[in-house]
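The values are calculated or read from the model by the stated rules, or taken from the named source; none is laboratory data. Keep in mind it's a predicted model, so treat the numbers as computed, not measured. Cβ: placed from backbone, ideal geometry, glycine included. Neighbour counts: every protein chain shown.
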Amino acid sequence: MTTATDPARPVVAVLYREALPPRLTEIEELADVRLTTADGLAAALDGADVLYQWHSFSPALQQNWDAAATLQWVHVSAAGVSQLMFDELVVSDIVYTNSRGVLSRAIAEFALGFVLDMAKDTQASFRLQQQHRWQHRTSRKIQGQSALVVGTGSIGREIARLFTAVGMHVSGAGRSGRPGDDDFHRIYSSDDLVDIVGGFDYVVLAAPLTADTRGLVGAHVLAAMAPTARLINVGRGELVDTDALTKALAWGSIAGAALDVVHPEPLPDRHPLWSMNNVIITPHMSGDTENYLDDLSRLFVDNLRRFCTSEPLDNVVDKTLGFVSST
């Protein structure tokens, strides 16, 4: 940790919880670094130019906002940052960046894994294996199946590319509809989900959590899905009305669900979703591959080099939207 401040170098406050971020030596080569946990953030922010929020979802910046007078840039080691936005930050001149894109391919692979898992019914095979039963069954092909990817950002596009590569027909749903582009056959408006979900075998949620997307998939959307369709959520748990989903699965309104995120997290021990045979639950891990922490830190180091040379930063968040706008 650097203690003396060189006026030619930016001062970077690094907010962590337990483990320090990788590539700390590279950060110290570029800046004067102040390592801090949440309880020491006010002191670390005094005169700091940059906050590297390695403790991704800590509310400490808002709680210590009065000490952030000199901040020029905040970087968060996560893609979804809507829960970190607060009024003072939104209206400030602080540039806010996130880790969009770093985990997109891994999350897309996880979503494809969910599709394969459900189409080949590997969960039932595992249950039969545990019972030492040799029971022949048939499974479904995914070639020719249709998927609607809700969220057409970095994660949604990676999902579309992988699904297309295995022969699926992929459309998207985003803030506005348009005929299509290189990744999606067509992009619908998310406002029209009730009218369009019935035509898809898989509905995949990869949208950021915003005021507009919270509760996006509720009882009406679930009722409009085909009874043979599956819901996959690799976005945020609060995109879905959990009670409505539980009822839809119990009543057979939809065939199944694969959930890497839920609301609330963690799911309560006695929640009925745990014991449903048509549900797969994983603990918010779709992007967490080997070395992913190093990948996240590399993005910050690359952006810090840009900051030091007054170049435009990557992944600048539109603070009024809560995500990096494609425009």
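Before moving on, here are some points about what is shown:
- Scanning the range 123-142 for residues that are part of a helix (DSSP H, G or I) and of a type in the set (G, A, S) yields a count of 2.
- Any hit, the range 185-196, residues being touching a helix residue (DSSP H, G or I) at 6+ places or on another chain (Cβ under 7 Å) and over 22 Å from S104 (Cα atoms): yes
- Filter pass, A229 being small (G, A, S), within 14 Å of A255 (Cβ to Cβ) and within 23 Å of the chain's Cα centre (by Cα): yes
- Residues considered: V197, V262, V279. Of these, the only one that is under 19 Å from A173 (Cβ atoms) and either at pLDDT 95 or above or loosely packed, with under 15 Cβ neighbours inside 10 Å (or both) is V197.
- Residues being closer than 21 Å to T210 by Cα and of a type in the set (S, T, Y) are represented in the range 286-293 by at least one member.
- Residue list for the range 285-296, filter: buried (at least 16 other Cβ atoms within 10 Å of the Cβ) and free of Cβ contacts under 8 Å to residues at least 40 places away in the same chain: none
- Here L299, L273, L239, L249 are screened, and the one residue that is crowded, with 17+ Cβ neighbours inside 10 Å, aliphatic (A, V, I, L, M), within 18 Å of the chain's Cα centre (by Cα) and not assigned by TED's automatic domain parsing to the domain that holds A48 is L239.
- Candidates S77, S82: the one that is under 30 Å from V221 (Cβ atoms), in contact with a Pro (Cβ under 9 Å, 6 or more places away or on another chain) and of a type in the set (S, T, N, Q) is S82.
- Test: residue in the range 293-303 that is over 30 Å from P10 (Cβ atoms) and part of a helix (DSSP H, G or I): no
- From the list L245, L216, L239, L222, the one residue that fits, being of a type in the set (A, V, I, L, M, F, W, C) and farther than 20 Å from I280 by Cα, is L216.
- Candidate set from the range 78-97 (those that are modelled with pLDDT of 95 or more and polar (S, T, N, Q)); member that is surrounded by the fewest Cβ atoms within 10 Å (Cβ to Cβ): S92
- One residue stands out among those in the range 29-47 that are of a type outside the set (A, V, I, L, M, F, W, C) and in contact with a Ser or Thr (Cβ under 6 Å, 6 or more places away or on another chain): the one that is farthest from T70 (Cα to Cα), which is D32.
- Matching residues in the range 75-106 - criterion: being among the polar types (S, T, N, Q), outside any helix (DSSP H, G or I) and either closer than 15 Å to D294 by Cα or touching a residue at least 24 places away in the same chain (Cβ under 8 Å) (or both): S77, T97, N98, S99
- Hits in the range 270-327 (condition: aromatic (F, W, Y) and under 30 Å from S253 (Cβ atoms)): W274
- Complete set of residues in the range 119-162 that are over 24 Å from N277 (Cα atoms), free of Cβ contacts under 8 Å to residues at least 40 places away in the same chain and crowded, with 17+ Cβ neighbours inside 10 Å: A160
- Matching entry among L304, L267 (being in contact with a Phe, Trp or Tyr (Cβ under 7 Å, 6 or more places away or on another chain), among the aliphatic types (A, V, I, L, M) and surrounded by 13 or more Cβ atoms within 10 Å (Cβ to Cβ)): L267
- On inspection, V115 does not qualify as touching a helix residue (DSSP H, G or I) at 6+ places or on another chain (Cβ under 7 Å) and surrounded by 14 or more Cβ atoms within 10 Å (Cβ to Cβ).
- Taken together, the residues in the range 166-204 that are of a type in the set (D, E) and under 21 Å from the mean Cα position of the chain (by Cα) amount to 2.
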